[in-house]
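These notes are about the structure you will find just below.
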Amino acid sequence: MTFLSRATPRLAAAAAAVLLALAGCSSTPSKPKPAALQSFSASLPARQAWKVQLGEPAPQSVPVLVGRELALASADGRVLVLDADSGSERWRAELKAAVSAGVGYDGETAAVVTQDNELVALAQGKVQWRVRLPARAFSAPLVAGRRVFVLAGDRSVSAYDARNGAKLWTQAARGTEPLVLQQPGVLLAVGDTLVAGMGARLSGLNPGNGAPRWEVPVASTRGVNEIERLIDLVGPAARVQGQVCVRAFQAAVGCIDAQRGALRWTKPANGAVGLAADGERVYGTESNGRLLAWKLDGGELQWQSDLLLNRGLSAPLVAGRSIAIGDAQGFVHVLAREDGKLLNRLETDGSAIVSAPLLAGQNLLALTRKGVLYAWRPE
């Protein structure tokens, strides 16, 4: 675990906070051996359709799919928009500045946060504006409704005009813990409500002025020290119509009615990455690699699988009758939604899959730590 210093006042909290990096943990004597890969016969065959070399992804990079366009950002400041069907390049920009969080995209405006703590907006490969942020950000900006929303490391949410970068409003979290996770949080739009993870609470905000509409605690702090009390909500969130299901770091998973701001259910869970869901179940992985499926209506455990124990799993993706999940050894595992049975295993360059796989039309996409984006298509 990597630590900096203790948090001070709110606006400086993200820069002066104690940051917990999940990429590695030097205090652990030895890592458990990953579960061996089982032999199988592919019952859901797929072939590689294309691959693109991006370069090392930005530290908190999560590719964003809008229609048939895919936006990505590299650590050294390259922003790309690709055709998700063919992998061909639509446009690119070279920022000449390292990117720390990105990318957000709505089909017109792309937005990233640089390591110099600037929010940068781009369109068609050209920088439109830059704004200095008052606190560090570890989540990709959300671009929606001609606004750029930023979830900062001090657990505040701010809105900027996508046309000129004018700051529109800021909403601060209340009663936050002094530690903050250095990984993507929860920030998405549900209808006309901006939904944000602010600490252990999921908050619904008016996107026009930042006014709170509702707030739902997903987990309660526990333990006697600051590390044990760290229960920020982590992305990606899973949305099924008006429900949003989220994970509180190493504490719980739960589903919230985002239209009424009401907690549907919550269950204890010890995981560190986000969730996926369909109309029947919510899927997630524990920190040890156990895959769990909860019933969407009520949260009862439907099944669990130890097939991928200790393999450093990404968040899952629901794809048709299957779920897809990446691991730290560069494999994408395709499992049956009904029971977790292995349907296929897709191989990449051997480096970790850095975020949940994506589905673009018939293409299944995955990005590796070495910066290669792979696309597979069912045969």
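What to note about this one:
- Residues located in segment 232-290, provided they are among the polar types (S, T, N, Q), closer than 17 Å to Ala356 by Cα and in a strand (DSSP E or B): Thr285
- Scanning segment 52-101 for residues that are surrounded by fewer than 17 Cβ atoms within 10 Å (Cβ to Cβ), under 24 Å from Gly320 (Cα atoms) and more than 19 Å from the chain's Cα centre (by Cα) yields a count of 3.
- Matching residues in segment 57-74 - criterion: being more than 13 Å from Arg369 (Cβ to Cβ) and out of contact with any Pro (no Cβ under 8 Å at 6 or more places or on another chain): Pro63, Val64, Leu65, Val66, Gly67, Arg68, Glu69
- Every pair of residues 6+ apart whose Cβ atoms lie under 6 Å, when the first sits in segment 251-276 and is touching a residue at least 60 places away in the same chain (Cβ under 8 Å) and under 18 Å from Leu291 (Cβ atoms) while the second is of a type in the set (Ser, Thr, Tyr) and crowded, with 24+ Cβ neighbours inside 10 Å: Ala276/Tyr283
- Inspection of segment 255-269 identifies no residue that is farther than 16 Å from Ile323 by Cβ and within 16 Å of the chain's Cα centre (by Cα).
- With respect to the conditions (1) within 19 Å of the chain's Cα centre (by Cα); (2) surrounded by 17 or more Cβ atoms within 10 Å (Cβ to Cβ); (3) at pLDDT 95 or above, Ser351 falls short on a single one, namely (2).
- Test for Asp327: is it of a type in the set (Asp, Glu) and surrounded by fewer than 17 Cβ atoms within 10 Å (Cβ to Cβ): no
- Test: residue in segment 224-232 that is under 15 Å from Ala152 (Cα atoms) and modelled with pLDDT under 95: yes
- Among the residues listed as Gly197, Gly165, Gly153, the single one being among the small types (Gly, Ala, Ser) and under 28 Å from Gln124 (Cα atoms): Gly165
- Among the residues making up segment 300-323, those that are under 21 Å from Cys255 (Cα atoms) and either within 19 Å of the chain's Cα centre (by Cα) or among the hydrophobic types (A, V, I, L, M, F, W, C) (or both) are Leu301, Trp303, Ser314, Ala315, Pro316, Leu317, Val318, Ala319, Ile323.
- Test: residue in segment 4-18 that is buried (at least 16 other Cβ atoms within 10 Å of the Cβ), modelled with pLDDT under 95 and of a type in the set (S, T, N, Q): no
- Flag if Gly208 is surrounded by fewer than 24 Cβ atoms within 10 Å (Cβ to Cβ), under 23 Å from Gly299 (Cα atoms), small (Gly, Ala, Ser) and more than 17 Å from the chain's Cα centre (by Cα): no
- Verdict on Ala49 being in a loop (DSSP other than H, G, I, E, B), touching a Gly at 6+ places or on another chain (Cβ under 8 Å) and modelled with pLDDT of 85 or more: no
- Count of residues meeting criterion [over 13 Å from Ala319 (Cβ atoms), in contact (Cβ under 8 Å) with a residue 40 or more places away in the chain and assigned to a loop (DSSP other than H, G, I, E, B)] in segment 337-379: 8
- Residue-level analysis places Leu194 among those that are crowded, with 18+ Cβ neighbours inside 10 Å and modelled with pLDDT of 90 or more.
- Flag if Gly199 is at positive phi, touching a residue at least 40 places away in the same chain (Cβ under 8 Å) and crowded, with 19+ Cβ neighbours inside 10 Å: yes
- Among residues of segment 251-280 being out of contact with any Cys (no Cβ under 7 Å at 6 or more places or on another chain) and of a type in the set (Lys, Arg), the one that is nearest to Gln304 (Cα to Cα) is Lys267.
- Within segment 281-323, considering residues that are among the acidic types (Asp, Glu) and without any contact (Cβ under 8 Å) to a residue 40 or more places away in the chain, the one surrounded by the most Cβ atoms within 10 Å (Cβ to Cβ): Glu286
- Failed criterion for Asn344 (all others in (1) modelled with pLDDT of 95 or more; (2) over 15 Å from Leu291 (Cα atoms); (3) more than 21 Å from the chain's Cα centre (by Cα); (4) surrounded by fewer than 16 Cβ atoms within 10 Å (Cβ to Cβ) hold): (4)
- Highlighted here are the strands (runs of 3 or more DSSP E) found entirely within segment 112-204 that include at least 1 residues which are more than 20 Å from Gly261 (Cα to Cα) and β-branched (Val, Ile, Thr): 118-123, 126-132, 142-144, 147-151, 167-171, 179-181.
The values are calculated or read from the model by the stated rules, or taken from the named source; none is laboratory data. Only a predicted model underlies this, so the values are computations on that prediction, with no experimental measurement involved. Reconstructed Cβ throughout: ideal geometry from the backbone, glycine too, with neighbour counts over all protein chains shown.
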